[in-house]
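Undergrad: Questions regarding the structure given below will be posed in turn.
The values are calculated or read from the model by the stated rules, or taken from the named source; none is laboratory data. None of the values given here were measured: they were computed from a predicted structure. Please note: Cβ atoms are built from the backbone with ideal geometry, for glycine as well, and neighbour counts cover all protein chains shown. Areas reflect the complete protein model, heavy atoms only, side chains present, ligands, DNA and RNA absent. Shrake-Rupley method; radii C 1.70, N 1.55, O 1.52, S 1.80 Å.
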Amino acid sequence: MEGDSFSGPWDHGGLLPGSSWSREEILDASTTVNPFGPPFRLDTLLEGVGEELFSYPDPWSDRLNTRIARRLNIDADCLVQGPGATALIYRWMETVRPRRLVLFEPLFSEYGHAAEFYRIPVVRVPGRRWLPFLGTCPDSAREWGVETDSFNPLPGDWVVLVNPVNPTGQILSLEEAKTFLERLRRSGGGLLVDESFQDFLETPSSLLKEVSPDNSFLSVLRSMTKVTGLPGIRTGWLAGSRETVRKIRHSLGPWAIGAIESRVLEHYYRVPEWNFQAVQNARNRLSEALVSGGWPVAEGSSPFLFVHTGWGEKAAFYRDKLFRERGVYLRITEGFGPPSGRDYVRLGFQAFQKPHVLEDVFLNCIRSF
């Protein structure tokens, strides 16, 4: 509608309005996109796609759906692809219409925005023990305050969990997640679990095997832009009950996935398992450099770093004056919902691509400012 504004609190991704920096000059440490690019060759991705661009693709992506479902070992009727995870979040919210949406913070802010758009009441459950950390930080999601066993759900509640936790990087074990899912099911509630970073884990804790055509208490979401390193090609999928998936697919409408998006998903799932050791090694190198310089870093298993800065009210000033003026985009964690969020930053994947840039600012510029 004319006059509507969607400026929102988005503080990451894309070029800043009015920025004089080119995309090549910017180090976007605010996003969580694989800095080493797709785990397949782009020339093979584009082979033959030219002809496909001049005709409509499969309207419901049935062939692609069957291939991916077979690779994931789930029923094809339980899977739907979409133009990115964010679009699927809104379609899921529109379809399921929870009585209440329960958000275990910290987590991706778009869940709260989508619930607000559809006028769904939101209950926020902040972490109880995880902030601040100094020195040795907690090891598990439970120690960070994601206390699933202390929450009392009501019938019709849907709980959102991000596993591994974003932005702290801690893992909710498979046993913890399954136990919580069963407790929600008995109470008449459901669980939406965001597993966008599962593929980067050495020991996955995915609930995907619990998805079945008649399991109306579970939905699993993944953003494929993270692992493919291609945020400009919007890909993602959601797994859930047959009825939920059917409604979401029709809500998206035909041709929700185009030829290029289909090729990305096909190429990614053509190989049984990708190795993301390069990402883990780069993350560990930057983490060790920051810790040796006196910056406490959460030793999570995810492919990003959660750093305690203690900047408080000066966080935006440091971000703009010391980082953006050097072409570095930085994500302050206030938008994820944690207490004292201005005292922490999350360093995303691109920070690992040029770690010396981050090391110079954190270890030299800030101290001398």
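Undergrad: Consider just the alpha-carbon atoms of the stretch 270-360 and return their Rg together with their Dmax, both in angstrom.
TA: 14.0, 48
Undergrad: In Å², and per residue, what accessible area does the stretch 283-369 have when probed at 1.4 Å with the other protein chains present?
TA: The answer is 40 Å² per residue.
Undergrad: Would you pull out the residues with amide H under 5 Å of VAL122's amide H, same chain only if 5 or more places away, H placed 1.01 Å from N?
TA: Under 5 Å from the amide H of VAL122: LEU101.
Undergrad: In whole Hz, what ³J(HN,Hα) sequence does the stretch 97-113 give by Karplus (6.51, -1.76, 1.60; θ = phi - 60°), x for Gly and Pro?
TA: 6, x, 5, 9, 9, 9, 10, 7, 7, x, 6, 4, 5, 5, 5, x, 5
Undergrad: Further question: How long is the gain from ARG70 to ARG99 if the chain were fully straight, where each residue apart is worth 0.36 nm and the alpha carbon distance is subtracted?
TA: Result for the pair: 7.1 nm of gain on full extension.
Undergrad: I'd like the Karplus ³J(HN,Hα) series for the stretch 249-264: coefficients 6.51, -1.76, 1.60, θ = phi - 60°, whole numbers in Hz, and an x wherever there's a Gly or Pro.
TA: Each residue's phi maps through the Karplus curve to give 4, 6, 5, 5, x, x, 6, 5, 10, x, 5, 5, 4, 4, 4, 4 Hz.
Undergrad: Now a separate question. Ignoring ligands and nucleic acids, what accessible area does VAL123 show with a 1.4 Å probe (Å², nearest 10)?
TA: Its accessible surface works out to 40 Å², give or take rounding.
Undergrad: Would you list TRP255, TRP92 from the most to the least accessible area, probe 1.4 Å?
TA: Order by accessible area, largest first: TRP255, TRP92.
Undergrad: Quick check: pseudo-label points 7 Å beyond the Cα along Cα→Cβ at LYS314 and ARG119, how many nm apart are they?
TA: For the pair LYS314/ARG119, the computed spacing is 4.6 nm.
Undergrad: Share of the stretch 60-130's accessible area from carbon and sulfur, percent, 1.4 Å?
TA: Carbon plus sulfur share of accessible area: 45 percent.
Undergrad: Sticking with this one: From the C-alpha gyration tensor of the stretch 156-232, pull out the three semi-axes of the equivalent ellipsoid (sqrt of 5λ each), sorted largest to smallest, in whole Å. If you can, show how the numbers build up before the last one.
TA: On the way: eigenvalues 104, 37, 25 Å².
So the equivalent ellipsoid measures 23, 14, 11 Å along its semi-axes.
Undergrad: Can I ask one more? Which distance in Å, rounded to a whole number, links the C-alpha centroids of the stretch 96-110 and the stretch 294-347?
TA: 23 Å
Undergrad: Between LYS209 and GLN277, take the C-beta separation as r, use R0 = 22 Å, and let me know the FRET efficiency to the nearest 0.05.
TA: Rounded to the nearest 0.05, the efficiency is 0.35.
Undergrad: Between SER150 and ARG185, what is the spin-label point distance in nm, taking each point 7 Å from the Cα along the Cα→C-beta axis?
TA: 2.6 nm
Undergrad: Of LEU208, GLN198, LEU218, which is farthest along the charge dipole of the stretch 171-219 in the positive direction, counting Lys and Arg as +1 and Asp and Glu as -1 at C-beta?
TA: LEU218
Undergrad: Keeping the other protein chains in place, figure out the carbon and sulfur percent of the accessible area of the stretch 174-332, with a 1.4 Å probe. Walk me through the intermediate numbers first.
TA: Working: 3140 of 6470 Å².
Within the stretch 174-332, the accessible surface is 49 percent carbon and sulfur.
Undergrad: Just to confirm the filter: which GluC sites (Glu not before Pro) across the stretch 241-291 are DSSP coil and have at most 16 other Cβ within 10 angstrom of their Cβ?
TA: Working: sites: GLU243, GLU261, GLU266, GLU273, GLU288; in loops: GLU273.
Of the GluC sites (Glu not before Pro), the ones in loops of the stretch 241-291 whose Cβ has at most 16 other Cβ atoms within 10 Å are GLU273.
Undergrad: Obtain the nm distance between the two label points defined at SER251 and GLU51 by a simple spin-label model: each point lies 7 Å from its Cα along the Cα-to-C-beta direction.
TA: 3.7 nm
Undergrad: I'd like the FRET efficiency for LEU42 and VAL291, computed as 1/(1 + (r/R0)^6) with the beta carbon distance as r and R0 of 45 Å, rounded to 0.05. Before the final figure, lay out the partial values.
TA: Working: r = 35 Å, r/R0 = 0.79.
That gives a FRET efficiency of 0.80.
Undergrad: Also, quick follow-up: Where the eigenvalues come from the Cα gyration tensor of the stretch 211-369, what are the semi-axes √(5λ) of the equivalent ellipsoid, largest first, in whole Å?
TA: 37, 18, 16
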